[in-house]
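Working notes, structure below.
The values are calculated or read from the model by the stated rules, or taken from the named source; none is laboratory data. What you see is a predicted model, and the numbers here were worked out from it, not measured in a lab. Reconstructed Cβ throughout: ideal geometry from the backbone, glycine too, with neighbour counts over all protein chains shown. Accessible surface areas use protein heavy atoms only, side chains included; no ligands, DNA or RNA. Shrake-Rupley method; radii C 1.70, N 1.55, O 1.52, S 1.80 Å.
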Amino acid sequence: MRAPFIAGNWKMYKTVADAVKYVKELRGLVKDLDAVEVVVAPTFTALFAAAEAARNSNVGIAAQDLYWEREGAFTGEVSGQMIREAGATYAIVGHSERRTLFGETDASVNRKVVAAFAAGLCPIACIGETLDQRERKETFDVLDRQMKQGLDGLSAEQIGQLVIAYEPVWAIGTGRNATPEDAARVHAEIRAWLRRRTEGQGATRILYGGSVNLKNAAALLAERELDGVLVGGASLEPAGWAELVRTAAA
Ligand code: PGA
């Protein structure tokens with residue numbers, strides 16, 4: 001069995017000082033866990049300091065986004081190369097908050113996934129349906145479109161390396177998570193889609209995200225289809241987060 005991948009998305013929380021304090025505490029709490037991959041995603045301003053604080057530990061660092069150009073007149077943007085240099089090794093791409101609040105499309109997600117690979121970052125590509133789409137039974141059409149366009153042009157090898165986060169939009173920050181069975185059913189469809197796309201390779205890690213917490217993590221991770229979780233709110237406090245990571249490693 002692959003080591004579960006447990007990622008914490010801090011969103012727009014934590015100063016540089018908060019991030020460093022958190023990572024220093026977390027690295028001690030998880031230092032004996034090797035059966036799990038732990039990643040946290042600070043804001044851009046805290047990336048470098050968090051990565052320094054995580055150096056030589058088993059805590060990985062992700063950016064929450066990236067821009068697809070290497071450098072240039074793109075005010076406010078940060079490139080994959082800059083993120084990699086700051087010490088991160090992952091980048092979240094296409095989070096539903098980026099899609100709904102900042103106008104990201106499947107086409108921009110695609111450019112970012114490609115750029116992440118070019119910069120030596122592993123993309124964590126987010127997909128997921130809204131409540132309306134779910135109620136209209138469009139979940140698989142939406143995921144099909146998001147993957148078809150978002151992963152366009154990638155080699156089978158790249159698809160095997162990336163991480164997919166299935167995050168139903170209706171479950172993010174709402175306290176309403178998908179049941180383990182529901183999540184597993186959707187994951188199985190995503191995995192089948194990826195197998196078809198890569199002619200049989202099944203290496204892509206597929207995470208579930210949306211109101212994951214200490215109470216529901218064990219039941220979700222007991223589903224073999226889930227390779228890990230992407231967690232927002234419940235990742236903000238290091239002791240609780242380390243506990244959740246421990247649950248995953250158990
Ligand atoms: P949540 O967020 O765990 O707070 O629902 C998940 C996410 O946005 O990745």
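Measuring max minus min along each principal axis, the C-alpha atoms of the chain give extents of 46, 45, 32 Å (largest first).
Applying a DSSP loop filter and a limit of 15 other Cβ atoms within 10 Å to the GluC sites (Glu not before Pro) in segment 36-101 leaves Glu69, Glu71, Glu77. Heavy-atom accessible area for Arg55, with the other protein chains in place and a 1.4 Å probe, reaches approximately 140 Å². Kirkwood hydrodynamic radius, computed over distinct alpha-carbon pairs, for segment 105-159: how many Å, to one decimal? After inverting the pairwise mean of 1/r, the radius is 11.9 Å.
Our analysis of segment 162-250 gives Rg over Rh at 0.99, with the two radii drawn from alpha carbon positions and Rh computed by the Kirkwood formula. I want to verify a result. In a Gaussian network model of the chain, Cα cutoff 10 Å, which of these has the top mean-square fluctuation: Thr139, Thr204, Thr75? Checking each option, the largest mean-square fluctuation is seen for Thr75. Summarised in one figure, the compactness ratio Rg/Rh of segment 7-62, Cα atoms and Kirkwood Rh, is 0.93.
Our estimate of slack between Phe74 and Phe140, defined as 0.36 nm per intervening residue step minus the Cα-Cα distance, is 20.3 nm. Using a Debye calculation, one point per C-alpha and no hydration shell, please list log10 I(q)/I(0) for segment 67-203 at q = 0.11, 0.19 Å⁻¹ in order. With no solvent term, the Cα-only Debye profile gives -0.41, -1.15. When the P(r) is computed for segment 62-142, the part past 15 Å accounts for 57% of the Cα-Cα pairs. Take the Cα of Val16, step 7 Å toward its Cβ, do the same at Ala222, and the gap between the two points is 4.5 nm.
Report D for segment 1-133 in µm² per second (integer): Stokes-Einstein, Kirkwood Rh on Cα pairs, 37 °C, 0.692 mPa s. This corresponds to a translational diffusion coefficient of 214 µm²/s.
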